[in-house]
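Where a number appears in this text, it was derived from the coordinates with a stated rule and is not lab data. Remember, predicted model here, so these are calculated numbers, not experimental data. Using ideal geometry, Cβ is built from the backbone for each residue, glycine included, and neighbour counts are taken over all protein chains shown.
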Amino acid sequence: MRTRNENKIAMWMVLRTFLAKNTSVTDDLPGFAALFVILNSTTDEVLAMMDELGISTKGTTGGKKQTKELLVLKITEMAGKANAYAVMVGDVDLQKLMQLPKSALAALSDLKLIGKGTEVLGKIVALDDKLAVYKITDEDVTELSALIEQYTRTMPQTRSGIDNRKHTNEELLALLKTGDNAIEKMDALIEIVHYSNELFYTDYNTRRKIIDTGSRTRALQLLVLDDVTGLPVAKAKVVISNKADTEAKRIVKSTGAKGGITQDVLAAGEYLYEVAYGGYVTEKASFFVNDGVMTEVVVRLKK
C-alpha cells in the first residue's frame, strides 16, 4: 500500500474517534448516522485485511503522533477530574495514581502509556456514577477506550505471511473506495452546520485532513532516558542485531546529546537491542521494523 493510503487510514481512525463523541451534532443530519456506521465498519475491515495482506499502517508517523497527542490529552483531562474527586473524599492512593502531568505522559514508552491509560480507565469505570458530578461522562469513557485501542494499533509488529492471504489487493482497494465515498457524503452533510456550529465544523475539517508523511527517511529512532528523571542519557552504547540472522553485522552506536540514535536502513523483521551506560543496568529487548514506516523505541535505564 502506498504511503498516501496509509496516511488516509490514519485519518479515518482519528476522524471516527472525533465523530463518536459528537453524535449530538451529527444525529440531526440526514443519513449521517448510517454513513458513520459504514466508516466504522470499513475502517475495521481495512485494518484486518491489511494485516492479512502483510501491509501495515502501524507506526505511521503522522497517524501515530496525532493519536498519541489525543490520548495524552484525554488521559490528562480525565485524570485531573478524577484527582479532584480523590482530594474531596481523601483517597490518597487515588490521588497518587491520578497526578499525571501531560509532559510525563508524553515521555512514556508506547507500552507504558497504553498501560497507564488502561489503568486510569479501569479506575474511572470502577467509580462509575461517583464521578458524574466531576464532569466525567460516558462519552469520555468511550473516547478514552477508543483512543487506547487506536494507539495500540499503531505499535509495530511482524508482518503477516503472504502464503495465508485470504483477500486480494483489489478487494482492499474496493473497501478504500467505500470509505472514501462515505466520507465525501459526510463532508457534504457537514456543510449544513457550517455557520450554526462553526467550532464543530472547524474541528471536523482539521481531523479530516490527510497528513502527508512522505516517504520514510529512516527505519529506526531510538531514545535513551533516565527512568527516574526522564532526562536523556548521552553517550550510552547501543548495540542492534538481527534476531533472525545471527551472522548479520551488528550495528553499534552511541547516543547523542539528546539521548537518541537513528538508523536509516533496516530490513523488515525483528531486531534485538542492548543499551549500556556506566552506573545503569543494561537494558535488553526487541523491536520490529516494517517496510515503509519508522519504528520508534524509548529505552529507560535504571540505576
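What the table shows:
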read-out	value
Percent RCO, i.e. relative contact order, over the range 220-301, from Cα pairs under 8 Å lying at least 6 residues apart	37 percent
Of 81/123; 116/284; 64/185, pairs whose Cα-Cα distance is over 19 Å	116/284; 64/185
Footprinting exposure proxy for 75, 148, 114, 192 (fewest neighbouring C-beta atoms within 10 Å first)	192, 114, 148, 75
Using a Förster distance of 45 Å, the FRET efficiency for residue 178-residue 91 (Cβ separation, nearest 0.05)	0.40
Residues with amide H under 5 Å from that of residue 299, placed H, sequence gap 5 or more	223, 224, 225
Prolate/oblate/rounded call for the chain, Cα gyration tensor, a/c under 1.5 rounded	oblate
Share, in percent, of DSSP beta bridges within the chain that are antiparallel, nearest 5	75 percent
Which of 11, 178, 37, positive extreme of dipole for the chain (C-beta unit charges)	11
Kirkwood Rh, angstrom, the range 220-301 [1 / mean 1/r, Cα pairs]	12.9 Å
Phi-based couplings in Hz for the range 263-268 (Karplus 6.51, -1.76, 1.60; Gly and Pro marked x)	9, 6, 10, 8, 5, 4
Taking the chain and dividing mean pair separation by its residue count, relative contact order in percent (alpha carbons under 8 Å, at least six apart)	23 percent
Pair residue 23, residue 189: separation of 7 Å Cα→Cβ label points (nm)	1.3 nm
